[in-house]
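Colleague: The structure is given below, and queries will be raised subsequently.
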Amino acid sequence: MKLIKILLAVTPAAALALGMASFGWAGMAHADSHSNMADHGTMHVTKSPTCGCCGAWVALAREDGYDIEITDTADVTRVKLDADIPGNMWACHTAMIDGYVVEGHVPFAALAKLLEERPDITGIAVPGMPGGSPGMGNDPTARYDVIAFGGDAGDGEVFYQAGL
């Protein structure tokens, strides 16, 4: 009877410790696989202080290995105008990283492609707020286009197709 009481007392703590250790290892493996994202410097994200989907996108970007600095402002329009983002490309938040503008709920595979290929463009955008994009439900099967703008980008040039 005494052995059963000891096992009943110790088992939950052992299971919790094992689960926490496993979670930590998985998190470290994820962070190691994306450590090169920090090589691109700090991503500066400007957003409305009340926008939850922007906060969700930032959280996902951090999870993906990006170093993030946030500026909350009530005047996101000024940031978009200053960054020369075409009006038809506007979304809710604007990010700047390594010389590029990233507008809206851009998937991180498109952002990685941008930083790896380094095309002569101003930036990329996901116009509007498509459902399933990062921060808007984060559904990897959601289909929408990431559009390049400025520099060598043609008018409405598709840079990346999400969900394919």
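Colleague: In the range 20-77, what residues are touching a Lys or Arg at 6+ places or on another chain (Cβ under 9 Å) and either at pLDDT below 90 or small (Gly, Ala, Ser) (or both)?
Modeller: Answer for the range 20-77, where residues must be touching a Lys or Arg at 6+ places or on another chain (Cβ under 9 Å) and either at pLDDT below 90 or small (Gly, Ala, Ser) (or both): just 55.
Colleague: While we're on this one: Find the strands (runs of 3 or more DSSP E) located wholly in the range 79-151 whose residues include 1 or more that are in contact with a strand residue (DSSP E or B) (Cβ under 6 Å, 6 or more places away or on another chain) and closer than 15 Å to residue 43 by Cβ, and list them.
Modeller: Of the strands (runs of 3 or more DSSP E) lying wholly inside the range 79-151, those with at least 1 residues that are in contact with a strand residue (DSSP E or B) (Cβ under 6 Å, 6 or more places away or on another chain) and closer than 15 Å to residue 43 by Cβ span 94-97, 100-104, 123-126.
Colleague: Still on this structure: Name the single residue that is farthest from residue 96 (Cα to Cα) among those in the range 138-148 being open to solvent by 10 Å² or more (accessible area, probe 1.4 Å) and touching a helix residue (DSSP H, G or I) at 6+ places or on another chain (Cβ under 9 Å).
Modeller: Here the answer is 138.
Colleague: Take the range 44-78 and flag every residue that is open to solvent by 60 Å² or more (accessible area, probe 1.4 Å) and either part of a strand (DSSP E or B) or touching a Leu at 6+ places or on another chain (Cβ under 7 Å) (or both).
Modeller: Within the range 44-78, 44, 67, 69, 70, 71, 72 meet the criteria.
Colleague: While we're here: Of the numbered conditions (1) modelled with pLDDT of 95 or more; (2) farther than 16 Å from residue 105 by Cα; (3) aliphatic (A, V, I, L, M), residue 3 satisfies every one except a single condition; which is it?
Modeller: Exception for residue 3: condition (1).
Colleague: What residue, of 152, 120, is in contact with an Asp or Glu (Cβ under 7 Å, 6 or more places away or on another chain), at pLDDT below 95 and open to solvent by 70 Å² or more (accessible area, probe 1.4 Å)?
Modeller: 152
Colleague: Residues of the range 152-163 being under 20 Å from residue 60 (Cα atoms) and assigned to a loop (DSSP other than H, G, I, E, B), which ones?
Modeller: Correct list: 163 only.
Colleague: Sticking with this structure for a sec: Give me a count of the residues in the range 79-117 that are free of Cβ contacts under 8 Å to residues at least 40 places away in the same chain, on the phi > 0 side of the Ramachandran plot and open to solvent by 30 Å² or more (accessible area, probe 1.4 Å).
Modeller: 1
The values are calculated or read from the model by the stated rules, or taken from the named source; none is laboratory data. What you are looking at is a predicted structure, and each value in this text was computed from that prediction instead of being measured. Neighbour counts run over all protein chains shown; Cβ positions are idealised from the backbone, glycine included. Please note that ligands, DNA and RNA were not included when accessible areas were found on the heavy atoms of the full protein model with its side chains. Shrake-Rupley method; radii C 1.70, N 1.55, O 1.52, S 1.80 Å.
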